[in-house]
Amino acid sequence: QVQLAESGGGLVQPGGSLTLSCAASGFIVSNYVMSWYRQAPGKGRELVATLGIGSITIYADSVKGRFTISRDNAKSTVYLQMNSLKPEDTAVYYCDVAFPSTRYWGQGTEVTVSS
């Protein structure tokens, strides 16, 4: 059974950092494309970062140079390191895995950037 569990969200001041974790089970993370999405209040879900099979990464323009997606295969965990956080980064962040015929999401972890 595929499961994704995000953690690491919280309240941080502008300019601060957070690292989100996505603990995966039921599949081998290195064999699938893993992504982080976010949904801000009143807005749709948007792609933040994608980690392909191997080391290929894709980032939204709004987070390039500030966020880093990575994977620890031994721990079956995907991370999102977020630096230089801005108030506009406030959102619920979701981990996602793309299977050939479907996608799975976690329950999300909330990030609030505010002074």
Taking interchain pairs and intrachain pairs at least six residues apart, which have beta carbon atoms under 8 angstrom, with the first residue in the stretch 60-74 and outside any loop (DSSP other than H, G, I, E, B) and the second open to solvent by less than 70 Å² (accessible area, probe 1.4 Å) and at pLDDT below 95? Arg71/Val29; Arg71/Ser30
Which one of the conditions (1) in a loop (DSSP other than H, G, I, E, B); (2) without any contact (Cβ under 8 Å) to a residue 12 or more places away in the chain does Leu85 fail to meet, given that it meets all the rest? (2)
Please list, ordered by residue number, the strands (runs of 3 or more DSSP E) wholly in the stretch 1-53 having 1 or more residues that are in contact with a strand residue (DSSP E or B) (Cβ under 7 Å, 6 or more places away or on another chain) and under 18 Å from Ala74 (Cα atoms). 3-7, 18-25, 33-39, 45-51
When residues of the stretch 1-44 are filtered for being without any contact (Cβ under 8 Å) to a residue 60 or more places away in the chain, surrounded by fewer than 16 Cβ atoms within 10 Å (Cβ to Cβ) and not polar (S, T, N, Q), how many remain? 7
Given the conditions (1) at positive phi; (2) open to solvent by 80 Å² or more (accessible area, probe 1.4 Å), which single one is not true for Ile56? (1)
Name the residues in the stretch 72-98 that are under 25 Å from Tyr32 (Cβ atoms) and open to solvent by 50 Å² or more (accessible area, probe 1.4 Å), would you? Asn73, Ala74, Lys75, Tyr79, Gln81
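The values are calculated or read from the model by the stated rules, or taken from the named source; none is laboratory data. Since we're looking at a predicted model, the values are computed, not measured. Glycine gets a Cβ as well: all are built from the backbone with ideal geometry, and neighbour counts include every protein chain shown. We work out accessible area using only protein heavy atoms, side chains counted, and drop any ligands, DNA or RNA first. Shrake-Rupley method; radii C 1.70, N 1.55, O 1.52, S 1.80 Å.
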